[in-house]
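Since every read-out is calculated from the coordinates, none of them should be taken as a lab result. The model shown is predicted, which means the values in this text are computed figures rather than measured ones. As a convention, Cβ positions derive from the backbone with ideal geometry for all residues, glycine included, and neighbour counts pool all protein chains shown.
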Amino acid sequence: MNVHRQAAIVTGGASGLGQATARALATRGARVGILDIDEESARRVATEIDGVAAACDVADPSSHEAAFMAVREKIGPTRILITCAGIAPGARLVGRDGTASPLERVTRAIRVNLVGTINSCRLAAADMSALEPMEDNERGCIVTTASVAAFEGQIGQLDYAASKGGVVAMTIPLARELASAGIRVNCIAPGLMDTPMMAGLSEPAKRFLLETMVFPTRLGSPDEFAALAVHIAENTFMNGAVIRFDGALRMAPE
């Protein structure tokens with residue numbers, strides 16, 4: 001797909017991987033819509049890339065749908081969707097004191113990361129299905145974001161690993177379902193990335209994690225993630241793939 005002048009929505013586009021991807025798409029001439037719970041930052045980034053923004057809580061169906069509608073009015077129906085909105089709160093099934101953790105706590109990441117991603121795909125796919133086909137009868141492209149935690153979740157990552165595992169698992173069935181409409185679906189599973197989510201860790205924790213890296217022994221950059229996401233959008237033969245993007249990292253139990 002030639003992304004130039006195509007309408008692209010990036011969820012979680014106000015920071016981290018999403019912001020880098022929004023900027024990369026804009027550099028290639030895409031009309032970019034940024035959805036983020038941080039409306040102020042989303043509008044700032046949108047202004048810088050000549051895009052548009054809307055406040056969006058992906059865990060709230062009403063907010064989610066309203067944001068899609070607001071962006072669609074300005075840049076048109078979605079041709080490209082990159083889902084980067086997500087959280088990594090961490091939760092144990094049973095607390096250190098032996099009591100069961102509140103259900104709300106151990107399912108929050110699932111509501112945001114998994115259900116939120118499914119809803120983004122649902123709304124975008126409806127837009128894409130109604131578009132005129134392009135080369136290879138393609139109507140659209142969806143790129144979701146999982147995590148290596150989908151494969152090697154650590155202790156205390158129950159909810160996060162489950163949510164990202166769900167994102168990985170939905171890739172093939174969604175690619176198969178949407179194939180008749182000419183919509184491709186792929187998933188990127190990043191490892192340790194230099195994002196605000198990582199910035200919250202202590203320096204000893206960061207050093208420990210970096211010691212587990214194979215090569216290169218550093219954090220991945222948001223720009224590297226963005227380059228891959230844009231390549232997937234541009235490469236029409238990429239479909240139904242889950243790509244580990246982790247420098248050969250395999251997470252330890254804790």
Sort out which residues of region 90-115 are among the hydrophobic types (A, V, I, L, M, F, W, C) and surrounded by 15 or more Cβ atoms within 10 Å (Cβ to Cβ), and write them in order of number. Ala91, Val106, Ala109, Ile110, Val112, Leu114, Val115
Being over 18 Å from Ile232 (Cβ atoms), among the charged types (D, E, K, R) and either part of a helix (DSSP H, G or I) or in contact with a helix residue (DSSP H, G or I) (Cβ under 7 Å, 6 or more places away or on another chain) (or both) is the filter here, so list the residues in region 129-163 that pass it. Glu152, Asp159
Suppose we filter Ala55, Ala8 for residues that are small (Gly, Ala, Ser), under 20 Å from the mean Cα position of the chain (by Cα) and closer than 16 Å to Thr144 by Cβ; which single one remains? Ala8
So which of Ile87, Ile118 ends up being under 21 Å from Gly33 (Cα atoms) and surrounded by 19 or more Cβ atoms within 10 Å (Cβ to Cβ)? Ile87
Within region 103-146, count every residue that is touching a Leu at 6+ places or on another chain (Cβ under 9 Å) and among the charged types (D, E, K, R). 2
Scanning region 194-220 for residues that are over 13 Å from Asp246 (Cβ atoms) and among the hydroxyl-bearing types (Ser, Thr, Tyr), which turns out surrounded by the fewest Cβ atoms within 10 Å (Cβ to Cβ)? Ser202
Between a residue in region 102-127 that is over 14 Å from Ala91 (Cα atoms) and any residue that is of a type in the set (Ser, Thr, Tyr), which pairs come within a Cβ distance under 6 Å, given they are 6 or more apart or on different chains? Asn113/Ser163; Leu114/Ser163; Thr117/Thr83; Thr117/Thr144; Ser120/Thr11; Ser120/Thr83; Ala124/Thr78; Asp127/Thr78
